[in-house]
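Trainee: Quick one: the structure is below, questions incoming.
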Amino acid sequence: HSVIHYWEKKLKEVYIALVKRIGQLLCRFTRPRFKIIDSTKFATWKQKEIEFHTLTAITKKTVFPISLFFGSVSPIKAVNGVLHKGKGELMADRWYDDNKAMGIMFKSGYIPIIKPNSGRYHGYWRRKARKIYYSDQLKYRQRGRGESPYGSLTNCYGDRLNTILPQTTETRIAARIIAYLVRLYIRVRNLFIRHALYMR
């Protein structure tokens, strides 16, 4: 048990890198229509909550996380931690309505569609993002689809982890996401191969 516990604390960064790599492979087989940044919390048996943020790809038939970041942090740190360079529309809820966070999204190549927070007004990037949001608010209704991986993880593994230390809990959350992605990757790859054989 002590050996497992030792490695669990060490493997978190490896697992986060694996989530990103498998997410990239899935993006090759499926064409994401847009992406969503969102966060949720899982609890330990000691009722301590661990928050994590995901960058989720939304495709025509499926939804999957392609990046992972742990921490109850500011929107700037969360966006900086979970986001990597890309393109297309990027949706997030009003918690991410932060001028600097939006600047990171624009500079990373995305078009942010973020619901405005009524208590926040100032900033160049915020004004630019609000023009995009108000030009087509119907698109934002798709944001709820980013919650589905969290529901799938809860249905498969439960919403609490039998852990005490935050590092161990984070490693196990990342391992669950990897299992979710691998299962999805096998399914999508098999469909892709069948389609390629049929076209021949």
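Trainee: Any residue at all in region 126-148 that's more than 29 Å from Ile50 (Cβ to Cβ) and not in a helix (DSSP H, G or I)?
Mentor: Yes, region 126-148 has at least one match.
Trainee: If you don't mind, another one. Go through region 17-75 and report how many residues are part of a loop (DSSP other than H, G, I, E, B), open to solvent by 10 Å² or more (accessible area, probe 1.4 Å) and in contact (Cβ under 8 Å) with a residue 24 or more places away in the chain.
Mentor: Adding up the residues that qualify gives 11.
Trainee: For region 4-13, check the following and say yes or no: at least one residue is at pLDDT 85 or above, over 18 Å from Pro166 (Cβ atoms) and either touching an Asp or Glu at 6+ places or on another chain (Cβ under 8 Å) or surrounded by fewer than 20 Cβ atoms within 10 Å (Cβ to Cβ) (or both).
Mentor: no
Trainee: Where residues in region 134-165 are modelled with pLDDT under 85 and open to solvent by less than 40 Å² (accessible area, probe 1.4 Å), which of them is farthest from the chain's Cα centre (by Cα)?
Mentor: If we take residues in region 134-165 being modelled with pLDDT under 85 and open to solvent by less than 40 Å² (accessible area, probe 1.4 Å), then Thr163 is farthest from the chain's Cα centre (by Cα).
Trainee: Starting from residues that are in contact with a helix residue (DSSP H, G or I) (Cβ under 9 Å, 6 or more places away or on another chain) and open to solvent by less than 50 Å² (accessible area, probe 1.4 Å), keep the ones in region 117-131 and report whichever is nearest to Trp95 (Cα to Cα).
Mentor: Asn117
Trainee: List every residue pair whose Cβ atoms lie under 7 Å apart, where the two residues are 6 or more positions apart in sequence or sit on different chains, the first residue falls within region 123-141 and is farther than 18 Å from Lys100 by Cβ, and the second residue, located anywhere, is in a helix (DSSP H, G or I).
Mentor: Sorted first by the residue in region 123-141, then by its partner, the pairs are Tyr140/Tyr133.
Trainee: The conditions are (1) surrounded by 13 or more Cβ atoms within 10 Å (Cβ to Cβ); (2) touching a strand residue (DSSP E or B) at 6+ places or on another chain (Cβ under 8 Å), and Lys87 fails exactly one of them. Which is it?
Mentor: Lys87 satisfies every listed condition except (1).
Trainee: Evaluate the following for Gly81: is it at positive phi and touching a strand residue (DSSP E or B) at 6+ places or on another chain (Cβ under 9 Å)?
Mentor: No: the conditions fail for Gly81.
Trainee: Quick check: is even one residue across region 183-198 open to solvent by less than 60 Å² (accessible area, probe 1.4 Å), in a loop (DSSP other than H, G, I, E, B) and either free of Cβ contacts under 8 Å to residues at least 40 places away in the same chain or among the polar types (S, T, N, Q) (or both)?
Mentor: No, region 183-198 has no match at all.
The values are calculated or read from the model by the stated rules, or taken from the named source; none is laboratory data. Just so it is clear, the structure is predicted and the values come from calculations on it, not from any experiment. Note that each Cβ is placed from the backbone with ideal geometry, even for glycine, and that neighbours are counted across all protein chains shown. When the accessible area is computed, the model is the full protein with side chains, heavy atoms only, and any ligands, DNA or RNA have been set aside. Shrake-Rupley method; radii C 1.70, N 1.55, O 1.52, S 1.80 Å.
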